[in-house]
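Read the figures in this text as sums done on the coordinates, not as results from a lab. Since this is a predicted model, take the numbers as computed values, not measurements. No Cβ is skipped: glycine too gets one built from the backbone with ideal geometry, and neighbour counts run over all protein chains shown.
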Amino acid sequence: MATDIYNNKFVKKLFKNSEKIFKLYPLTAKELRDFRRNLQSRKRRRKVPYVQYNGDIFSDLSRVTETLEDLRAVQVFLRQYPYPKTLKKHKISRTGYAIYHIEVYFLKVASLREKLGIMVNDVYQLGLPDRRVTIDLLAEMPTLKGTRPITLLKHFSKSIEGIARQRHLVAHRGKYDDKELTELRLYELVQERAKIPDFLIRLKIRWYVREKLRIFKQNQDEIEKFIDIFFSSLVKEFDRRCKALPDPSTPAHRPGTS
């Protein structure tokens, strides 16, 4: 059974708070355009600590859920080689098409580690710049030592070490590769000269992609289960800090109320 991240208690609370904030501080047309272009300004959140706190964490949540959607999209794209004539015209081979999406997959999975770390930084209001956030640094923070979120993050980091290594290889070599894929690329390169039937190459690539999809689907299920548990580990701290901040929706702290 698929994990519904949006049914998570932490996510529900954050959405409820965000809906309340949007009613008090409606987005302008410019802010909506900036949101679509991923240029969200934090200026509107700085005046009210409650709004800033929830707004920062909502942005963190959006980055995580978008990454999960990207991982699902990779699996959809890998299942097909659309518009073969157009792709061949632009010299995009079947293996080239597969490589591109596999690279995206490794990069996106590995990025979840940093995105979840940034969320912990914001939930616990540690004030670290995003670029400085690492699991090792978070684990050394007195506020976080021995906490459930850090234990979970360490476990997740260890479980994706292989994927993280692939990301580094892609970054340094500029290309994902493995033995089986190299063989498939070779078949494509010599296809015409060696008179290799096209259906044979298509079949071999289909088998290769099918195995990758099986692994990716299995990974997706495990990643979503983990994130559901991870989000649940943040509920108590998130609640505590929200209650400690003046809620602008209450009469005493409502905008324009003296």
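Measuring against 22 Å, Cα to Cα, the residue pairs 115/243; 20/145; 85/204; 158/225 contain 115/243; 20/145 as the ones spanning a longer distance.
Sort the following peptides by mean Cβ neighbour count (other Cβ atoms within 10 Å, averaged over residues), highest first: 112-125, 65-78.
Numbers: 112-125: 21.5, 65-78: 15.7.
Peptide ranking by packing, descending: 112-125, 65-78.
For residue 215 and residue 88, FRET efficiency with R0 = 25 Å and r from the beta-carbon atoms, rounded to 0.05? In this case the efficiency is close to 0.35.
Here the extension length gained between residue 186 and residue 27 equals 51.9 nm, from 0.36 nm per residue of separation less the Cα-Cα distance.
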